[in-house]
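Structure first, commentary second.
The values are calculated or read from the model by the stated rules, or taken from the named source; none is laboratory data. What you see is a predicted model; the values in this text were computed from it and never measured. Quick reminder, even Gly has a Cβ in these numbers, built from the backbone with ideal geometry, and neighbours come from all protein chains shown. Just the protein is used for accessible areas: all its heavy atoms, side chains included, with ligands, DNA and RNA removed. Shrake-Rupley method; radii C 1.70, N 1.55, O 1.52, S 1.80 Å.
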Amino acid sequence: METKHQNIPAGWAVCFLAGCRRKQECLRYQAGLNLPDDVETREAVVPSVLKKERCPRFLKTETEHVAYGFTRIFYDVKSRHIADMRSAIRAYLGGRGTYYRYLHGEQALMPEQQQWIRQLFADYGYPGKVEFDRYEDQPRLYATDS
């Protein structure tokens with residue numbers, strides 16, 4: 001999977017260390033290879049990490065299935081549940097403004113967030129499959145405990 005520059009957050013370090021033995025499996029190195037020609041400066045991993053037994057900035061290349069938008073999820077929900085469910089989702093996602101960015105697909109819902117929303121629907125008696133507006137596989141830009 002190609003790592004698109006626009007998916008890389010500001011301040012996130014990329015790597016250009018061709019001498020690294022794990023570069024082919026490192027997302028930071030792959031991101032460095034895919035920088036567009038108009039990018040002149042960027043946070044980067046420095047060569048001193050090559051002296052260490054393990055690179056502290058190594059990030060295994062993995063993807064995650066993110067979702068965008070949920071404008072249709074309340075279609076089959078009884079009207080008496082909608083306000084409470086919407087309020088719970090709004091609180092979980094961080095408030096009204098953030099809720100609307102997620103609702104309209106301006107911000108990606110991570111797999112954990114998707115699962116939380118699905119569990120909320122199940123808790124209200126709607127265990128069917130919750131479908132978001134669209135899905136995309138993106139590189140995982142953070143380490144997981146698993």
For this session: From (1) surrounded by 18 or more Cβ atoms within 10 Å (Cβ to Cβ); (2) within 30 Å of Arg101 (Cβ to Cβ); (3) touching a strand residue (DSSP E or B) at 6+ places or on another chain (Cβ under 9 Å); (4) at pLDDT 90 or above, pick out the condition that doesn't hold for Ile73.
Result: (3)
Seminar exercise, completed: Note on region 46-64: residues open to solvent by 100 Å² or more (accessible area, probe 1.4 Å), out of contact with any helix residue (DSSP H, G or I) (no Cβ under 9 Å at 6 or more places or on another chain) and either not acidic (Asp, Glu) or not in a loop (DSSP other than H, G, I, E, B) (or both) are Lys51, Lys52, Arg54
Exercise. Yes or no: Arg80 basic (Lys, Arg) and in a loop (DSSP other than H, G, I, E, B)?
Worked result: no
Seminar exercise, completed: Just one listed residue, out of Ala67, Ala91, is at pLDDT 90 or above and part of a strand (DSSP E or B), and it is Ala67
Exercise. Are any residues in region 92-118 open to solvent by 60 Å² or more (accessible area, probe 1.4 Å) and closer than 17 Å to Ile82 by Cβ, and if so, which ones?
Worked result: Tyr92, Arg96, Tyr100, Arg118
Seminar exercise, completed: Within region 25-45, residues being in contact with a Pro (Cβ under 7 Å, 6 or more places away or on another chain) and assigned to a loop (DSSP other than H, G, I, E, B) number 0
Exercise. What about Pro111, is it within 22 Å of Leu141 (Cα to Cα) and free of Cβ contacts under 8 Å to residues at least 40 places away in the same chain?
Worked result: no
